[in-house]
Amino acid sequence: MEVIFWLILLLALVWGVAYLRWPIMIWTIAIAVYLEAWTYLYQPSTISLVLVWLLFAALVIPLNIPPLRRRLVNDRILTLFRHLMPKMSQTEKEALEAGTVWWDGDLFSGNPDWKRLLSFPVPTLTEEEQAFIDGPTDELCHLLDDWEINEKYHDLPPEVWQFIKEKGFFGMIIPKEYGGLEFSALAHSSVVMKISTRSIVAGITVMVPNSLGPAELLLNYGTDEQKQYYLPRLARGEEVPCFALTGPEAGSDAGAMPDRGEVCMGAFKGERVLGIRLNWEKRYITLGPVATVLGLAFKLYDPEGLLGDEEELGITVALIPTDTDGVTIGSRHAPLSVAFQNGPNWGHDVFIPMDWVIGGAERVGQGWRMLMESLAAGRSISLPATGTGAAKMASRATGAYARIRYQFKLPIGKFEGVEEALTRIAASTYMADAARIMTAGAVDQGEKPSVISAIVKYNLTETMRRVLNDAMDVQGGSGISMGPRNLLGRAYQGVPVSITVEGANILTRTLIIFGQGAVRCHPYVLKEMMAVNNPDHDEASRDFDKAITGHIGFTISNIMRALWLGLSGARFVRTPGGPQTRIYYQQLTRMSAVFAMTADLAMFVLGGALKRKEKLSGRLADVLSHLYLASAVLKRFEDQGRPEADLPLVRWCCEYSLHMIQQQLSEFFRNMPNRIVAWKLRAWAFPLGQHFAMPSDELGHEVAVLIQSPSEARDRLTAGIFLSDDDSDRMGLIDNTLQKVIENETLATQLREAVQQGKLDQASEADMIEQALARQLISAEEAVRYQDMLDARKEVIKVDDFPQDYWTNSGTNNGE
């Protein structure tokens, strides 16, 4: 029994030290103290004593003396890694180093610092930004008729283009010193979101110049001359920019682009200057058909050695006026008949001077890094704003419609099948908006979160897809009948556009979120890879030793943490938050440890093959995504002062994310090739079984009810979309009718009871009102009010129809 006691004590000591992540020296001291106690209290035999202390010394001396540790162990591992790992290309290196690590690093650590997350400033708009949203942005929304934009003009009307330019919408990210608005990322996101709820075409048009494009690149990398010339012109709308990256042979694989430039001497404005001769073919370029200046990415070569000894200089980015000789631009694609300007362009033997390269000759070959760093921020703003805006509009419109529309003498929102869809719509909207705001806040704090930008781009555009699918199911025929009355059809039609651009969602999920995240956000992996690729042997040895030693301790710690948190239910984890949400912080901490453990052991067992096993890496991407999304939900709840009415949304989102994390981990373990490791991982991750269930039906009911009645919670959920009190506006009509329906529900109940009691004959509601008035069961005022509600309800459920020859006469066929 005494032996068992000392073994249990040793196990508890090792477990505790690993859980607390003490450094090697503290490990050494703690185990030495244990052995001292064991020596004097247990009094083992001399042989046992000598053997144990010799073993202890043999282990701890090399571990605590780095030069000896490197010589005996880690230099050998470094040599092995150099043989096994392919040499990192410059493109891969730049992609991995792009951007910054923020809260994603905490989630990868297995021990997220929740107090740190909640201490980040609450993202807020300045008075100037709010005034712009309430003023020019609202004015722009009033100018927009999405049906006419897509059906009649197939473009924004000229007066809308002019308004956008004059009011500075193209210059939101440009500093005031250049004539721009210099808005925060949150303001940029809020403007795009609001406009998109009125017209997806206008939203995209405003989005592109403020996202990945010439302005962003000029701000970060342009020469002073380029900034002084272009930025004021872009801010004033004198220049319409586009950026050309994608081509027929290179979409997501931009490194394979065949577009080529060669350094040479050539004629420019009557002089012979050093420049580049270009040939390219690009497509899917938004604003391309109307652009006056083209940002172009291409591979640059220097066959004559005019810039130096290297011939292949790498991806380079230049700004080219679209009226330059050899440039062909202006034709349009028809992306699902959503009429934003998008099209191909070509260049044949186009000569440009070297100072048209963004940043000048010094930036030659740095285009990929420039693009990746810009995308790290830009991708986290515009498309997430569009996706969130669509979800908010669906929540407000479809939630109201479900209470207005009657079937079988009941509002359709009372049917559980419909209620289930409404629950997903409302909760998904809450989660999307939480992630949108938290991420924009990070950008405003100076972060360029490359992995998080991929998380929100993927998840919030997928949220848009799921929410609109549910909304269309609820709306039924009114959702599929295109026309001026249809609020959702065009957004639904354009969903694949958001899914596809700025990184196709399939590849974003399977290659970037976890593939890049596992390297970029992990505390040690990138350091190890850099050491392996470092030609300086001594420096590489020191860096690798520090990284691999820390990595081993990190992995052991996460195994111990995951197992303990699983056995204890994470009940002893100290977290912030109120009593309603504390359990979610605790369980997310546990799942963070499980994720970190799983990611580490998967990378160790599968190595580089994990990158190719995209089904596995995609599941880990989903785990990381839901850790982030649930974190955003909890921060939003705290930032808004823990409004009690929002608690059902918070609970539903967190329980759903925990369930999805559990499900994706379970599927990962089930499909992992090494079955022994998979079995052990499952046992460590879920030692007492899998207990994260989907949110209950009762909780779902509480969520669904929130979007079927006017309330502060509903207003918070849908804040930032375009709203109007005017019945001539579709959303205004729906909101006003919802209020009328609710005001008349008591009277509607009285009429039904009167029929049951034989006081009224069964008839249409309009006829029953006449009967009730004639029999003095209701007042004239009540009759007028009820009839007004019936008229409004009829107007809401009405759909558009067109003459037989409508499409023939219009000369178009948009498939509507």
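The values are calculated or read from the model by the stated rules, or taken from the named source; none is laboratory data. Everything numeric in this text was worked out from a predicted model, so none of it was measured. For neighbour counting, all protein chains shown are included, and Cβ atoms are generated from backbone atoms with ideal geometry for every residue, glycine included. When the accessible area is computed, the model is the full protein with side chains, heavy atoms only, and any ligands, DNA or RNA have been set aside. Shrake-Rupley method; radii C 1.70, N 1.55, O 1.52, S 1.80 Å.
Structural remarks
- Averaging Cα coordinates gives a centre for the range 94-145 and one for the range 501-547; these two points are 26 Å apart.
- Partner aspartates and glutamates whose Cα lies under 13 Å from the Cα of Lys115, excluding those fewer than 8 positions away in the same chain, are identified as Asp106, Glu638, Asp639.
- Where labels lie 7 Å past Cα in the beta-carbon direction, separation of Gln762 and Ala748 in nm: 1.9
- Between the amide H of Tyr284 and those of Gly343, distances stay under 5 Å, these residues lying 5 or more places away or on another chain, with hydrogens modeled in the peptide plane.
- Here the range 231-246 is scanned for amide nitrogen atoms under 19 Å from the site 7 Å beyond the Cα of Glu139 along Cα-to-Cβ, giving 235-238.
- Only Lys, Arg (+1) and Asp, Glu (-1) charged, at Cβ; the chain dipole about Cα centre in debye: 3340
- DSSP-assigned coil residues among trypsin sites (Lys or Arg not before Pro) in the range 668-765, each with at most 15 further Cβ atoms within 10 Å: Lys759
- Linear extension gain, Val52 paired with Phe572, 0.36 nm per residue minus alpha-carbon span: 183.8 nm
- In this structure, the residue pairs whose Cα-Cα separation is over 31 Å, taken from Lys87/Lys615; Lys152/Lys409; Lys176/Lys448; Lys457/Lys798, are Lys152/Lys409; Lys457/Lys798.
- Heavy atoms of Val525: accessible area, 1.4 Å probe, square angstrom to 10: 20
- Ignoring aspartates and glutamates fewer than eight residues from Lys613 along the same chain, the ones with Cα atoms less than 15 angstrom from its Cα are Asp622, Glu667.
- Helix-only CD estimate at 222 nm, as mean residue ellipticity for the chain, using -39500 (n - 2.57) per DSSP H run (n ≥ 4): -18000 deg cm²/dmol
- For the range 535-607, applying the loop criterion from DSSP together with a ceiling of 12 other beta carbons within 10 Å to the chymotrypsin sites (Phe, Trp or Tyr not before Pro) yields Phe572.
- Candidate lysines - alpha carbon under 24 Å from Lys269, same-chain residues fewer than 8 apart omitted: Lys227
- At q = 0.10 Å⁻¹ the log10 of I(q)/I(0) for the chain amounts to -1.12, computed by Debye summation with a single uniform scatterer per C-alpha, solvent ignored.
- Charge dipole (the chain, unit charges on Cβ, about Cα centre) - positive-most of Ala185, Leu460, Val650: Val650
- Rolling a 1.4 angstrom probe over the protein heavy atoms with all chains in place gives the chain an accessible area of 43 Å² per residue.
- Linear extension gain, Lys414 paired with Val122, 0.36 nm per residue minus alpha-carbon span: 101.5 nm
- Sparse-neighbourhood loop sites, trypsin sites (Lys or Arg not before Pro) in the range 521-580 - DSSP loop, at most 14 other Cβ within 10 angstrom: Arg571, Arg574
- Positive dipole terminus of the range 331-456, leading residue within Phe408, Ala426, Val350 (C-beta point charges): Phe408
- When the charge dipole of the range 470-565 is built from unit charges on Cβ atoms (+1 for Lys and Arg, -1 for Asp and Glu) and taken about the Cα centre, the candidate among Gly515, Val474, His551 whose Cα reaches farthest toward its positive end is Val474.
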